[in-house]
Amino acid sequence: MRKLFGTDGVRGTANTHPMTAEMALRIGAAVGRYFRRDASGVHRVVIGKDTRLSGYMLESALTAGLTSTGMNVLLLGPVPTPAVGLMTRSMRADLGVMISASHNPAEDNGIKFFGPDGFKLSDQAEIEIEALIEEGVHPAQAQNIGRAKRVDDARFRYGERVKSSLPRDLRLDGLKVVVDCANGAAHRAAPEILWELGADVIPVGIAPDGLNINRGCGSTHPQTAAEQVVAHGAHVGIALDGDADRVIVIDETGTPADGDQLMALLAARWAAEGQLKGGALVATVMSNLGLERYLAGQGIGLERTAVGDRYVVERMREGGFNLGGEQSGHIVMSDFATTGDGLMAGLHFLAEMVRSGQPASALARQFAPVPQLLKNVRYAAGQAPLEMAPVQRAIAEAEVALKGSGRLLIRKSGTEPLIRVMAECEDEALLTLTVDSVVEAVADAVSAPA
């Protein structure tokens, strides 16, 4: 079992275990040793980051750990997470590292890893790296210590790759687009790319100060972009998260559409054009039942995975599928990228607007979602509320109540100390009743004296 790695790398509050400089140093040394298994040849790693203040600290510590094992480090600076996957592969690196806590607040940070193929690491690789972290590794000999170098054009390389995923003759002339960059990693790249494609760009969340990433903006706060869409009479809005690997689309009325709606649109279009490999979409257990029904009506299958875009990607690679994602807005188009890319997915939505001539409101509502309710309960370190008998009884009773009319999903968050309670049901009264009953049981278990 992994102890340090969660759903998407290592994550926590900055300057608190495991997001300390000391731990980042140890992680860097361990992952450097893991990917530098022989002393011959040149070994390199690319490191990107978002705009969090703690990124400077973690970048320096990781660089020290990696160079101590003989890795040459290429520092990309602030770039979207998908840019790291791209650059790892294009620069023939042994390893890619992204310093980001994605949609989390500025006080958090995280470290994500990509293998030499540009894809996120497997559970088994993370288990082996954790063992090296615990055991410690021998540093390289003095003459074999690695070097560090800044790469100045990473943002531009990424931009060219994103634009190349669209038809070469496609332009966005005449489209007024609000893009909310969450004061994060895409605060320069996203407006530039949209402008280069001809859009009239209204940028939001492009003034990072190290502390305002995701604060009241971005995909977790789509109302900010929605207000700007309505205020400026824009045709569409694109709200990214802090590391730009997820997107929420806002239509011209200011109504947001989640990843399920975007996946439905792309899957149906690709299937009609014979481009949907494997005849199915890959999504997680969180995706709405309405998406599953819609796809079935189009003759398209739905493959469900555990929560986490890397599990989506793993299933896509296993089954030969080329489209997948999450309700939260991670959209993976493996013909063009190795991980979720919010900006690329947003551009493909804009491309469909241009191709079809339809407004965003028509394209962003592909199906009527089944009513879905999600509530979170925070727990403390060392607690295991899902293992307690009263909680298990409440879950069993809720499952019986929903049987035949909906579904219940209970899980621990892989990025925060939260128990997530989600249910779907056409009967909204029953939906609320069942979710609240489980939430109450979990909350009682968490607050009970030890």
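Values for this structure:
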| quantity | calculated |
| --- | --- |
| Two-site label geometry, residue 128 and residue 188: point separation in nm, points 7 Å out along Cα→Cβ | 3.7 |
| Net charge dipole size for the chain [Lys, Arg +1 and Asp, Glu -1 on Cβ; Debye, nearest 20] | 1160 |
| Beta bridges by DSSP in the chain, antiparallel share as percent, to the nearest 5 | 50 |
| For the stretch 210-255, convex hull volume per residue from C-alpha positions, Å³ | 63 |
| Between the stretch 132-185 and the stretch 69-123, the Cα center-to-center distance that results, in Å | 8 |
| Computed log₁₀ I(q)/I(0) - Debye formula, equal Cα scatterers, no solvent, the stretch 157-253, q 0.11, 0.15, 0.20, 0.24 Å⁻¹ | -0.28, -0.53, -0.93, -1.24 |
| Dipole of the chain [Lys/Arg +1, Asp/Glu -1 at C-beta], most positive-end residue of 421, 144, 124 | 144 |
| Kirkwood-type radius of the stretch 11-85, with distances r between different C-alpha atoms, in Å | 12.7 |
| Extension gain (nm, one decimal) between residue 42 and residue 145, 0.36 nm per residue minus Cα-Cα | 36.0 nm |
| The stretch 348-406: Cα Rg divided by the 2.2 N^0.38 Å rule of thumb | 1.99 |
| Sites matching GluC sites (Glu not before Pro) across the stretch 392-450 that sit in DSSP coil, with at most 10 neighbouring C-beta atoms within 10 Å | none |
| Inverse mean reciprocal Cα-Cα distance (Kirkwood Rh) of the chain, Å | 22.6 |
| Candidate lysines for bridging to residue 403, where Cα separation is under 30 Å - those fewer than 8 sequence places away on the same chain excluded | 375, 412 |
| Simple label model, 7 Å out from Cα along Cβ direction - residue 444 to residue 373, nm | 1.7 |
| Listed residues 61, 272, 351: farthest to the positive end of the dipole of the chain (Cβ charges) | 61 |
| 108, 152, reordered so the largest accessible area comes first (probe 1.4 Å) | 152, 108 |
| Per residue, in Å², the accessible surface of the stretch 16-122 once ligands and nucleic acids are set aside, probe 1.4 Å | 30 |
| Selection of trypsin sites (Lys or Arg not before Pro), the stretch 357-450, meeting DSSP coil and at most 12 other Cβ within 10 Å | 403 |
| Anchor residue 149: lysines whose Cα lies under 21 Å away (excluding residues fewer than 8 positions away in-chain) | 49, 112 |
| Filtered trypsin sites (Lys or Arg not before Pro), the stretch 158-233: DSSP coil and at most 11 other beta carbons within 10 Å | 168 |
| Label-to-label distance, nm, for residues given as residue 362 and residue 403 (7 Å Cα→Cβ offset) | 4.6 |
| DSSP beta bridge pairing in the stretch 10-151, given as percent antiparallel to the nearest 5 | 40 |
| Rounded percent of accessible protein surface that carbon and sulfur make up, the chain, 1.4 Å probe | 52 |
| Student exercise, the stretch 157-253 dipole from Lys, Arg, Asp, Glu Cβ charges, in Debye to nearest 20 | 220 |
| Estimated vicinal HN-Hα couplings, Hz - the stretch 395-411 in sequence order (Karplus 6.51, -1.76, 1.60; Gly, Pro = x) | 5, 4, 5, 5, 5, 5, 5, 8, 4, x, 10, x, 8, 10, 9, 10, 7 |
| Scattering curve values for the stretch 10-151, log₁₀ I(q)/I(0), Debye with Cα scatterers, q = 0.12, 0.18, 0.19 Å⁻¹ | -0.40, -0.96, -1.08 |
| Reach of residue 120 by Cα under 12 Å, taken over aspartates and glutamates that are not fewer than 8 positions away in the same chain | 8, 309, 314 |
| Hull shadow area, averaged, the stretch 372-447 [alpha-carbon convex hull, nm²] | 4.6 |
| Antiparallel bridge percentage (DSSP; both residues within the stretch 157-253; nearest 5) | 30 |
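The values are calculated or read from the model by the stated rules, or taken from the named source; none is laboratory data. Because the structure is predicted, anything quoted here is derived from the model rather than measured. Cβ coordinates were reconstructed from backbone atoms using ideal geometry, including for glycine residues, and neighbour counts include every protein chain displayed. Surface accessibility is based on the protein's heavy atoms, side chains included, excluding ligands, DNA and RNA. Shrake-Rupley method; radii C 1.70, N 1.55, O 1.52, S 1.80 Å.
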